[in-house]
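Derivation of every value follows stated rules applied to the coordinates shown; laboratory data play no part. All of these numbers come straight from a predicted model, not from anything done at the bench. Counting neighbours? That spans all protein chains shown, and the Cβs are built from the backbone with ideal geometry, glycine included.
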Amino acid sequence: MNMNKAKGILPVIIAVVVLVLGAAGFVRRCSSPADFGAQAGYQKPGGDTLAVAIEMSPLTYTLQNDTAEGFDYQILRDIAAEHDLKLRFYPVAQLEEAFEGLYRHRYDLVVASIPATTAIKEHFPLTDAVYLDKQVLVQRRDSLADSVRISSQEQLMGDTVWVAEASPFGTRLRNMSKELGDTIFILSEPKYSSEHLAILTALGEVKQAVVNEAVARHIAADYPQLDISTPISFNQFQCWAVAPGDSVLLDSLNTWLGQFKQTPAYRRLAEKYL
């Protein structure tokens with residue numbers, strides 16, 4: 001377990017770029033209409049096949065009865081079908097592995113809930129917005145009294161919050177700490193994704209965590225004891241990241257995303273997932 005004071009620590013994304021992180025994300029081989037690769041013995045596909053690291057989460061990518069689903073996954077799958085793209089997906093549970101691979105050009109694209117922050121843009125080119133989302137605090141509803149319920153950001157001063165390891169949410173909490181003039185303690189552990197943390201909070205094993213609102217809503221649908229009403233950030237553009245220097249892919253994705261977002265297919269996916 002890593003416990004860091006939110007003050008005076010470099011943004012997690014910089015550590016992801018500079019350091020070779022030891023924690024490997026959990027990856028499993030999947031069966032679906034798309035091509036999925038296993039992390040063991042990794043070899044980047046050649047030719048015109050794009051290597052895509054995709055975050056395993058209820059919003060981005062998941063398996064339902066052996067069928068691949070997810071908002072981002074289905075958008076990219078439909079774009080690929082429209083423009084005759086060949087994709088090979090590498091599902092990852094930990095974003096540090098995905099960003100490290102992107103930095104080293106083992107992947108061409110990272111598909112995940114990536115907020116368009118300045119810290120990330122300094123190191124990775126980001127696409128135009130895929131959707132809007134914000135970060136919320138997840139806490140238990142059934143044990144909340146007015147005296148202990150966190151209903152404002154100020155109440156987090158001196159408190160402890162869980163985030164997924166290497167998540168950009170840690171950057172937001174560090175900035176909030178500076179704005180409030182007090183310390184917010186950040187907890188993380190490599191094996192816990194945002195989805196895991198929300199579920200652990202619902203089960204009472206974690207006090208509170210910060211996750212994307214869209215993910216929080218999916219988890220809260222199955223765990224009604226969760227309270228997800230306290231915002232941690234304003235609405236933010238959620239994007240995908242491409243390998244540094246790949247302006248051709250970035251420009252193409254921006255064009256295709258802009259076109260796809262005008263279609264009924266995008267609206268149906270947004271209604272289902274967002």
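Computed values, structure above
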| quantity | calculated |
| --- | --- |
| Cβ-based net charge around Ala98, under 10 Å, with every Lys or Arg adding one and every Asp or Glu removing one | -3 |
| Net +/- balance of residues flanking Leu253 in space, Cβ distance below 11 Å, scoring K and R +1, D and E -1 | -4 |
| Length-normalised contact order of the range 72-229 in % [C-alpha pairs under 8 Å, at least 6 apart] | 28 |
| Environment charge at Gly70 (Cβ cut-off 13 Å; Lys +1, Arg +1, Asp -1, Glu -1) | -3 |
| Centre separation in Å (Cα based) which lies between the range 51-105 and the range 198-236 | 23 |
| Filtered GluC sites (Glu not before Pro), the range 149-249: DSSP coil and at most 11 other beta carbons within 10 Å | Glu205 |
| Protection proxy ranking, peptides 237-248, 77-88, average beta carbon neighbours within 10 Å, highest first | 237-248, 77-88 |
